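The values are calculated or read from the model by the stated rules, or taken from the named source; none is laboratory data. All of these numbers come straight from a predicted model, not from anything done at the bench. Every residue, glycine as well, gets a Cβ built from its backbone with ideal geometry; the counts of neighbours run over all protein chains shown.
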Amino acid sequence: MANKFLIVGAGFSGAVLANQLAKELDCTIDVWDERDHVAGNCHTKRDKETNVMVHEYGPHIFNTDKKEIWDFVNSFVEFKPFINRVKANYKGNIYSLPVNLHTINQFFNKTFGPEEAKAFIENLGDKTITDPQSFEEQALKFLGKDLYQAFFYGYTKKQWGCEPSELPASILKRLPVRFNYNDNYYNNPYQGIPVNGYTELVEKLLDSPKINITLNKKFKYSTELNDVYDHIFYTGPIDAFFDYKFGRLGYRTVTFEKYTTDGDYQGNAVINYCDESVPHTRVHEHKHFAPWEEHDKTVYFKEFSKETTEEDIPYYPKRLDADKKILEAYRAEAMQSSNLSFLGRLATYRYMDMHHVIGEALHFAQSFILSLHTENKAPVFPNTEI
Ligand code: UDP
(Lines give C-alpha, C1' and ligand atoms only; values in the text may rest on other atoms or scores of the structure.)
Protein backbone atom coordinates (compact mmCIF):
# COMPACT_ATOMS: atom_id res chain seq x y z
CA MET A 1 0.00 0.00 0.00
CA ALA A 2 1.25 3.45 -0.88
CA ASN A 3 2.43 5.65 1.97
CA LYS A 4 0.32 8.69 2.76
CA PHE A 5 2.24 11.66 4.09
CA LEU A 6 1.33 15.12 5.35
CA ILE A 7 3.88 17.89 5.09
CA VAL A 8 2.98 21.05 6.97
CA GLY A 9 4.60 24.09 5.37
CA ALA A 10 5.47 24.75 1.72
CA GLY A 11 8.74 26.60 2.31
CA PHE A 12 12.06 25.16 1.22
CA SER A 13 12.10 22.43 3.90
CA GLY A 14 8.67 21.11 3.08
CA ALA A 15 9.10 21.47 -0.69
CA VAL A 16 12.50 19.76 -0.88
CA LEU A 17 11.29 16.94 1.35
CA ALA A 18 8.11 16.50 -0.72
CA ASN A 19 10.18 16.50 -3.90
CA GLN A 20 12.49 13.76 -2.63
CA LEU A 21 9.75 11.56 -1.18
CA ALA A 22 7.73 11.86 -4.39
CA LYS A 23 10.80 10.97 -6.44
CA GLU A 24 11.77 7.91 -4.46
CA LEU A 25 8.65 6.41 -2.92
CA ASP A 26 5.30 5.00 -3.88
CA CYS A 27 3.31 7.59 -1.96
CA THR A 28 0.81 10.43 -1.91
CA ILE A 29 1.78 13.64 -0.20
CA ASP A 30 -0.51 16.38 1.07
CA VAL A 31 1.26 19.68 1.55
CA TRP A 32 -0.57 22.30 3.61
CA ASP A 33 0.38 25.90 4.02
CA GLU A 34 -1.47 28.55 6.00
CA ARG A 35 -0.49 31.32 3.58
CA ASP A 36 -1.99 31.90 0.15
CA HIS A 37 1.28 31.05 -1.62
CA VAL A 38 4.10 28.52 -1.51
CA ALA A 39 7.80 29.31 -0.85
CA GLY A 40 7.42 30.60 2.72
CA ASN A 41 9.55 33.64 3.45
CA CYS A 42 11.38 33.21 0.12
CA HIS A 43 8.21 34.05 -1.77
CA THR A 44 8.73 36.41 -4.71
CA LYS A 45 6.07 38.23 -6.69
CA ARG A 46 6.05 40.90 -9.39
CA ASP A 47 4.98 44.27 -8.02
CA LYS A 48 1.87 45.47 -9.91
CA GLU A 49 2.92 49.09 -10.18
CA THR A 50 6.60 48.71 -11.17
CA ASN A 51 6.70 45.13 -12.53
CA VAL A 52 9.81 44.55 -10.39
CA MET A 53 10.22 41.07 -8.89
CA VAL A 54 9.83 41.67 -5.16
CA HIS A 55 11.19 39.42 -2.41
CA GLU A 56 8.02 39.81 -0.38
CA TYR A 57 9.53 38.87 2.98
CA GLY A 58 12.87 40.61 2.50
CA PRO A 59 15.96 40.01 0.36
CA HIS A 60 17.09 36.47 -0.38
CA ILE A 61 20.37 35.91 -2.15
CA PHE A 62 21.12 32.29 -2.76
CA ASN A 63 24.68 31.37 -1.83
CA THR A 64 26.32 28.08 -0.99
CA ASP A 65 29.70 26.37 -0.83
CA LYS A 66 28.17 23.03 -1.82
CA LYS A 67 28.26 22.26 -5.53
CA GLU A 68 25.62 19.53 -5.13
CA ILE A 69 23.15 22.02 -3.63
CA TRP A 70 23.88 24.59 -6.33
CA ASP A 71 23.40 21.88 -9.01
CA PHE A 72 20.21 20.73 -7.29
CA VAL A 73 18.50 24.16 -7.36
CA ASN A 74 19.81 24.85 -10.88
CA SER A 75 18.27 21.62 -12.10
CA PHE A 76 14.79 23.13 -11.54
CA VAL A 77 15.11 26.75 -12.69
CA GLU A 78 17.63 29.12 -14.23
CA PHE A 79 19.75 31.20 -11.84
CA LYS A 80 21.65 34.31 -12.88
CA PRO A 81 24.84 35.29 -11.07
CA PHE A 82 24.27 37.91 -8.41
CA ILE A 83 26.86 39.29 -6.01
CA ASN A 84 25.48 41.14 -3.00
CA ARG A 85 27.54 44.29 -2.41
CA VAL A 86 25.99 45.88 0.65
CA LYS A 87 26.78 49.46 1.65
CA ALA A 88 26.60 50.97 5.12
CA ASN A 89 25.26 54.41 5.92
CA TYR A 90 26.82 55.69 9.14
CA LYS A 91 26.78 59.28 10.42
CA GLY A 92 26.12 60.65 6.94
CA ASN A 93 28.84 58.69 5.14
CA ILE A 94 28.60 55.64 2.92
CA TYR A 95 30.99 52.74 3.59
CA SER A 96 31.73 49.42 2.00
CA LEU A 97 30.56 46.19 3.69
CA PRO A 98 31.36 43.62 4.93
CA VAL A 99 34.22 45.32 6.76
CA ASN A 100 37.08 45.18 4.24
CA LEU A 101 40.19 47.15 3.35
CA HIS A 102 38.07 49.85 1.71
CA THR A 103 35.93 50.22 4.87
CA ILE A 104 39.00 50.41 7.09
CA ASN A 105 40.69 53.01 4.88
CA GLN A 106 37.47 55.03 4.54
CA PHE A 107 36.71 54.90 8.23
CA PHE A 108 40.20 55.75 9.53
CA ASN A 109 41.02 58.01 6.56
CA LYS A 110 44.08 55.91 5.66
CA THR A 111 45.63 54.35 2.57
CA PHE A 112 46.75 51.10 4.21
CA GLY A 113 47.79 48.05 2.26
CA PRO A 114 46.53 44.65 3.49
CA GLU A 115 49.39 43.89 5.90
CA GLU A 116 49.37 47.37 7.43
CA ALA A 117 45.61 47.22 7.88
CA LYS A 118 45.85 43.79 9.50
CA ALA A 119 48.49 45.00 11.97
CA PHE A 120 46.49 48.18 12.66
CA ILE A 121 43.25 46.31 13.36
CA GLU A 122 45.01 43.64 15.41
CA ASN A 123 46.39 46.39 17.56
CA LEU A 124 42.88 47.82 18.07
CA GLY A 125 41.47 44.45 19.11
CA ASP A 126 40.84 43.83 22.80
CA LYS A 127 43.60 41.43 23.85
CA THR A 128 42.06 40.71 27.22
CA ILE A 129 39.34 38.66 25.47
CA THR A 130 40.72 35.20 24.80
CA ASP A 131 37.60 33.12 24.24
CA PRO A 132 34.80 35.45 23.02
CA GLN A 133 31.44 34.37 24.41
CA SER A 134 29.16 37.06 23.04
CA PHE A 135 28.60 39.03 19.85
CA GLU A 136 30.17 42.04 21.57
CA GLU A 137 33.27 40.19 22.75
CA GLN A 138 33.77 38.66 19.32
CA ALA A 139 33.58 42.12 17.72
CA LEU A 140 35.81 43.82 20.29
CA LYS A 141 38.43 41.09 20.04
CA PHE A 142 38.69 41.10 16.26
CA LEU A 143 37.74 44.66 15.27
CA GLY A 144 38.24 46.92 18.26
CA LYS A 145 35.89 49.47 19.74
CA ASP A 146 35.56 52.02 16.91
CA LEU A 147 34.55 49.72 14.04
CA TYR A 148 32.30 47.80 16.42
CA GLN A 149 30.53 50.98 17.51
CA ALA A 150 30.13 52.23 13.96
CA PHE A 151 29.00 49.19 12.03
CA PHE A 152 27.75 46.64 14.55
CA TYR A 153 26.56 48.08 17.83
CA GLY A 154 23.65 50.24 16.61
CA TYR A 155 22.60 47.93 13.80
CA THR A 156 22.63 44.86 16.02
CA LYS A 157 20.75 46.60 18.82
CA LYS A 158 18.05 47.60 16.34
CA GLN A 159 18.00 44.20 14.66
CA TRP A 160 17.88 42.10 17.81
CA GLY A 161 16.33 44.50 20.33
CA CYS A 162 18.91 43.79 23.00
CA GLU A 163 22.50 44.56 23.90
CA PRO A 164 25.01 42.76 21.65
CA SER A 165 26.65 41.51 24.87
CA GLU A 166 23.55 39.32 25.34
CA LEU A 167 23.82 37.71 21.91
CA PRO A 168 25.92 34.70 20.92
CA ALA A 169 29.21 35.23 19.07
CA SER A 170 27.90 32.94 16.31
CA ILE A 171 25.73 35.75 14.87
CA LEU A 172 28.76 37.91 14.14
CA LYS A 173 30.71 34.94 12.79
CA ARG A 174 28.29 34.98 9.84
CA LEU A 175 30.07 38.07 8.54
CA PRO A 176 33.61 38.04 7.15
CA VAL A 177 36.24 40.73 7.84
CA ARG A 178 38.64 41.13 4.92
CA PHE A 179 41.98 42.82 4.41
CA ASN A 180 41.51 43.28 0.67
CA TYR A 181 38.97 45.14 -1.47
CA ASN A 182 36.62 42.18 -1.89
CA ASP A 183 33.17 43.57 -1.04
CA ASN A 184 31.21 40.42 -1.85
CA TYR A 185 28.93 40.06 1.21
CA TYR A 186 29.26 36.28 1.16
CA ASN A 187 32.26 33.97 1.07
CA ASN A 188 30.47 31.13 -0.70
CA PRO A 189 31.59 30.36 -4.27
CA TYR A 190 28.11 29.72 -5.72
CA GLN A 191 25.87 32.79 -5.65
CA GLY A 192 22.84 33.78 -7.66
CA ILE A 193 19.15 34.58 -7.86
CA PRO A 194 16.55 32.59 -9.83
CA VAL A 195 15.63 34.56 -12.96
CA ASN A 196 11.89 34.18 -12.35
CA GLY A 197 12.08 34.34 -8.57
CA TYR A 198 12.06 31.76 -5.78
CA THR A 199 8.37 30.92 -5.93
CA GLU A 200 8.79 29.30 -9.33
CA LEU A 201 11.61 27.17 -7.92
CA VAL A 202 9.40 25.97 -5.06
CA GLU A 203 6.49 25.33 -7.43
CA LYS A 204 8.77 23.16 -9.54
CA LEU A 205 9.97 21.25 -6.48
CA LEU A 206 6.33 20.53 -5.69
CA ASP A 207 5.31 19.70 -9.23
CA SER A 208 4.40 16.01 -9.06
CA PRO A 209 1.18 14.03 -9.51
CA LYS A 210 1.94 12.53 -6.08
CA ILE A 211 1.83 15.95 -4.37
CA ASN A 212 -1.40 17.79 -3.51
CA ILE A 213 -0.99 21.33 -2.24
CA THR A 214 -3.63 23.03 -0.08
CA LEU A 215 -3.08 26.73 0.59
CA ASN A 216 -4.77 28.89 3.25
CA LYS A 217 -4.90 25.82 5.46
CA LYS A 218 -4.00 26.29 9.09
CA PHE A 219 -2.62 23.21 10.80
CA LYS A 220 -3.56 22.05 14.25
CA TYR A 221 -2.27 18.73 15.43
CA SER A 222 -4.76 16.14 16.54
CA THR A 223 -4.21 12.43 17.02
CA GLU A 224 -6.91 11.69 14.42
CA LEU A 225 -4.45 12.86 11.78
CA ASN A 226 -2.43 9.76 12.60
CA ASP A 227 -5.36 7.65 11.33
CA VAL A 228 -5.18 9.44 7.98
CA TYR A 229 -1.44 9.76 7.51
CA ASP A 230 1.41 7.28 7.88
CA HIS A 231 3.75 10.12 8.78
CA ILE A 232 3.46 13.86 9.43
CA PHE A 233 6.35 16.24 8.75
CA TYR A 234 5.98 19.59 10.44
CA THR A 235 8.02 22.61 9.35
CA GLY A 236 6.22 25.37 11.30
CA PRO A 237 7.26 26.83 14.66
CA ILE A 238 7.76 24.03 17.17
CA ASP A 239 6.17 26.00 20.04
CA ALA A 240 3.00 26.53 17.97
CA PHE A 241 2.80 22.79 17.29
CA PHE A 242 2.55 22.16 21.04
CA ASP A 243 0.15 25.07 21.57
CA TYR A 244 2.87 27.00 23.44
CA LYS A 245 2.42 24.74 26.47
CA PHE A 246 6.01 25.33 27.67
CA GLY A 247 5.97 29.00 26.61
CA ARG A 248 6.84 30.99 23.52
CA LEU A 249 10.21 30.89 21.82
CA GLY A 250 11.71 34.32 21.18
CA TYR A 251 11.86 35.58 17.62
CA ARG A 252 12.54 38.91 16.01
CA THR A 253 10.32 39.85 13.15
CA VAL A 254 10.72 42.50 10.48
CA THR A 255 8.23 44.93 8.97
CA PHE A 256 8.51 46.90 5.78
CA GLU A 257 7.48 50.35 4.61
CA LYS A 258 7.00 50.29 0.85
CA TYR A 259 7.82 53.18 -1.51
CA THR A 260 7.77 53.52 -5.29
CA THR A 261 9.32 56.21 -7.44
CA ASP A 262 10.72 56.80 -10.92
CA GLY A 263 14.23 55.77 -11.94
CA ASP A 264 16.75 54.56 -9.39
CA TYR A 265 16.36 55.38 -5.70
CA GLN A 266 19.62 54.33 -4.06
CA GLY A 267 21.73 52.76 -6.83
CA ASN A 268 22.23 49.51 -4.93
CA ALA A 269 20.21 46.51 -3.75
CA VAL A 270 20.89 46.91 0.00
CA ILE A 271 22.06 49.80 2.16
CA ASN A 272 22.35 49.19 5.91
CA TYR A 273 21.67 52.03 8.33
CA CYS A 274 24.05 51.49 11.19
CA ASP A 275 23.22 54.51 13.36
CA GLU A 276 21.14 53.56 16.37
CA SER A 277 19.18 56.82 15.94
CA VAL A 278 17.85 55.84 12.49
CA PRO A 279 14.79 53.67 13.16
CA HIS A 280 15.11 51.33 10.18
CA THR A 281 17.88 48.77 9.82
CA ARG A 282 18.21 48.78 6.03
CA VAL A 283 16.69 49.83 2.74
CA HIS A 284 16.34 47.34 -0.11
CA GLU A 285 15.57 48.28 -3.67
CA HIS A 286 14.46 45.19 -5.44
CA LYS A 287 15.15 45.90 -9.09
CA HIS A 288 18.86 45.76 -8.22
CA PHE A 289 18.42 42.08 -7.31
CA ALA A 290 17.65 41.49 -11.02
CA PRO A 291 20.21 43.62 -12.91
CA TRP A 292 19.35 41.66 -16.06
CA GLU A 293 15.93 43.35 -16.13
CA GLU A 294 15.10 46.94 -17.16
CA HIS A 295 12.55 49.02 -15.25
CA ASP A 296 11.66 52.71 -15.51
CA LYS A 297 10.09 52.71 -12.06
CA THR A 298 11.47 51.34 -8.83
CA VAL A 299 10.18 49.90 -5.57
CA TYR A 300 12.11 49.99 -2.31
CA PHE A 301 11.43 49.08 1.28
CA LYS A 302 12.57 50.42 4.61
CA GLU A 303 13.01 47.47 6.96
CA PHE A 304 12.29 47.69 10.67
CA SER A 305 12.94 45.02 13.26
CA LYS A 306 10.77 44.29 16.29
CA GLU A 307 9.81 41.68 18.84
CA THR A 308 7.42 39.04 17.50
CA THR A 309 3.86 39.04 18.81
CA GLU A 310 1.21 36.37 18.24
CA GLU A 311 0.11 37.90 14.92
CA ASP A 312 3.61 38.38 13.48
CA ILE A 313 5.59 36.11 11.21
CA PRO A 314 8.59 34.76 13.10
CA TYR A 315 11.86 35.58 11.30
CA TYR A 316 15.01 35.41 13.41
CA PRO A 317 15.22 32.94 16.32
CA LYS A 318 16.77 34.79 19.25
CA ARG A 319 18.12 31.65 20.90
CA LEU A 320 18.75 33.25 24.28
CA ASP A 321 19.45 30.83 27.15
CA ALA A 322 15.81 30.97 28.29
CA ASP A 323 14.68 30.11 24.74
CA LYS A 324 16.98 27.12 24.61
CA LYS A 325 15.50 25.76 27.83
CA ILE A 326 12.00 26.03 26.37
CA LEU A 327 13.22 24.46 23.14
CA GLU A 328 14.65 21.51 25.07
CA ALA A 329 11.25 20.88 26.67
CA TYR A 330 9.51 20.88 23.28
CA ARG A 331 12.15 18.63 21.77
CA ALA A 332 11.86 16.15 24.61
CA GLU A 333 8.11 16.00 24.08
CA ALA A 334 8.54 15.64 20.33
CA MET A 335 10.94 12.72 20.81
CA GLN A 336 8.12 10.78 22.53
CA SER A 337 5.98 10.94 19.43
CA SER A 338 5.79 8.42 16.67
CA ASN A 339 5.11 9.09 13.01
CA LEU A 340 6.03 12.73 13.46
CA SER A 341 9.08 14.67 12.31
CA PHE A 342 10.17 18.28 12.72
CA LEU A 343 12.23 19.95 10.04
CA GLY A 344 13.51 23.37 9.02
CA ARG A 345 14.28 26.78 10.51
CA LEU A 346 11.10 27.17 12.56
CA ALA A 347 10.65 23.59 13.72
CA THR A 348 14.27 23.31 14.85
CA TYR A 349 14.47 26.96 15.98
CA ARG A 350 17.77 27.76 14.28
CA TYR A 351 19.15 30.69 12.26
CA MET A 352 19.45 28.99 8.88
CA ASP A 353 20.17 30.20 5.35
CA MET A 354 18.34 28.78 2.34
CA HIS A 355 21.19 26.48 1.37
CA HIS A 356 21.38 25.03 4.90
CA VAL A 357 17.64 24.38 4.85
CA ILE A 358 17.82 22.68 1.45
CA GLY A 359 20.89 20.61 2.33
CA GLU A 360 19.32 19.45 5.57
CA ALA A 361 15.99 18.59 3.91
CA LEU A 362 17.80 16.53 1.25
CA HIS A 363 19.72 14.66 3.91
CA PHE A 364 16.68 14.22 6.12
CA ALA A 365 14.65 12.77 3.23
CA GLN A 366 17.32 10.12 2.73
CA SER A 367 17.38 9.25 6.46
CA PHE A 368 13.62 8.96 6.47
CA ILE A 369 13.55 6.74 3.37
CA LEU A 370 16.25 4.55 4.90
CA SER A 371 14.19 4.20 8.09
CA LEU A 372 11.26 2.94 6.00
CA HIS A 373 13.45 0.37 4.27
CA THR A 374 15.06 -0.80 7.51
CA GLU A 375 11.85 -0.52 9.56
CA ASN A 376 13.66 1.58 12.13
CA LYS A 377 12.00 4.50 13.92
CA ALA A 378 11.89 7.49 11.62
CA PRO A 379 14.14 10.40 12.57
CA VAL A 380 12.24 13.02 14.57
CA PHE A 381 14.69 15.90 14.07
CA PRO A 382 17.45 16.45 11.51
CA ASN A 383 19.80 17.78 14.22
CA THR A 384 20.90 16.60 17.63
CA GLU A 385 22.77 19.72 18.79
CA ILE A 386 20.52 22.61 19.64
N1 UDP B 1 25.22 43.20 11.39
C2 UDP B 1 25.61 44.46 11.83
N3 UDP B 1 25.76 45.45 10.91
C4 UDP B 1 25.54 45.28 9.60
C5 UDP B 1 25.14 44.00 9.15
C6 UDP B 1 24.98 42.99 10.08
O7 UDP B 1 25.78 44.67 13.01
O8 UDP B 1 25.68 46.24 8.82
C9 UDP B 1 25.05 42.14 12.40
C10 UDP B 1 23.62 41.96 12.83
O11 UDP B 1 23.59 41.64 14.20
C12 UDP B 1 23.14 40.79 12.00
C13 UDP B 1 24.40 39.93 11.93
O14 UDP B 1 25.47 40.90 11.85
O15 UDP B 1 22.09 40.09 12.62
C16 UDP B 1 24.44 38.99 10.75
O17 UDP B 1 24.27 39.74 9.57
P18 UDP B 1 23.61 39.13 8.27
O19 UDP B 1 23.75 40.12 7.18
O20 UDP B 1 24.14 37.76 8.06
O21 UDP B 1 22.08 39.07 8.70
P22 UDP B 1 20.83 38.55 7.86
O23 UDP B 1 21.19 38.50 6.42
O24 UDP B 1 20.51 37.20 8.41
O25 UDP B 1 19.78 39.57 8.16
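Summary of values
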item: Matching entry among Phe256, Phe233 (being in a strand (DSSP E or B) and either modelled with pLDDT under 95 or out of contact with any helix residue (DSSP H, G or I) (no Cβ under 9 Å at 6 or more places or on another chain) (or both)); result: Phe256
item: Within segment 86-103, tally of residues that are assigned to a helix (DSSP H, G or I) and free of Cβ contacts under 8 Å to residues at least 60 places away in the same chain; result: 1
item: Some residue of segment 117-134 being of a type outside the set (A, V, I, L, M, F, W, C) and in contact (Cβ under 8 Å) with a residue 40 or more places away in the chain; result: yes
item: Test: residue in segment 265-281 that is more than 12 Å from the ligand (Cβ to nearest atom), surrounded by fewer than 21 Cβ atoms within 10 Å (Cβ to Cβ) and of a type in the set (Ser, Thr, Tyr); result: yes
item: All positions within segment 47-61 that are touching a residue at least 24 places away in the same chain (Cβ under 8 Å) and either surrounded by fewer than 18 Cβ atoms within 10 Å (Cβ to Cβ) or within 16 Å of the ligand (Cβ to nearest atom) (or both); result: Glu49, Asn51, His55, Tyr57, Gly58, Pro59, His60, Ile61
item: Residue check for Leu101: touching a Lys or Arg at 6+ places or on another chain (Cβ under 8 Å), at pLDDT 95 or above and within 16 Å of the ligand (Cβ to nearest atom); result: no
item: Count of residues meeting criterion [away from the ligand (no atom under 16 Å from the Cβ), in contact with a Phe, Trp or Tyr (Cβ under 9 Å, 6 or more places away or on another chain) and of a type outside the set (Gly, Ala, Ser)] in segment 329-357; result: 9
item: Selected residue [without any contact (Cβ under 8 Å) to a residue 60 or more places away in the chain and closer than 22 Å to Asp33 by Cα] from Met335, Met352; result: Met352
item: Extreme residue, nearest to Glu385 (Cα to Cα), among residues of segment 289-307 that are surrounded by 20 or more Cβ atoms within 10 Å (Cβ to Cβ) and either within 16 Å of the ligand (Cβ to nearest atom) or of a type in the set (Phe, Trp, Tyr) (or both); result: Ser305
item: In segment 109-123, the residues that are surrounded by fewer than 15 Cβ atoms within 10 Å (Cβ to Cβ) and either assigned to a loop (DSSP other than H, G, I, E, B) or aromatic (Phe, Trp, Tyr) (or both); result: Asn109, Lys110, Thr111, Gly113
item: Check on Ile29, out of contact with any helix residue (DSSP H, G or I) (no Cβ under 6 Å at 6 or more places or on another chain) and either among the β-branched types (Val, Ile, Thr) or farther than 22 Å from Phe304 by Cβ (or both); result: no
item: Residue list for segment 317-336, restricted to those being over 25 Å from Val254 (Cα atoms) and loosely packed, with under 14 Cβ neighbours inside 10 Å; result: Glu328, Ala332, Met335, Gln336
item: Qualifying residue in segment 342-364 (condition: of a type in the set (S, T, N, Q), surrounded by fewer than 16 Cβ atoms within 10 Å (Cβ to Cβ) and out of contact with any Leu (no Cβ under 7 Å at 6 or more places or on another chain)); result: no
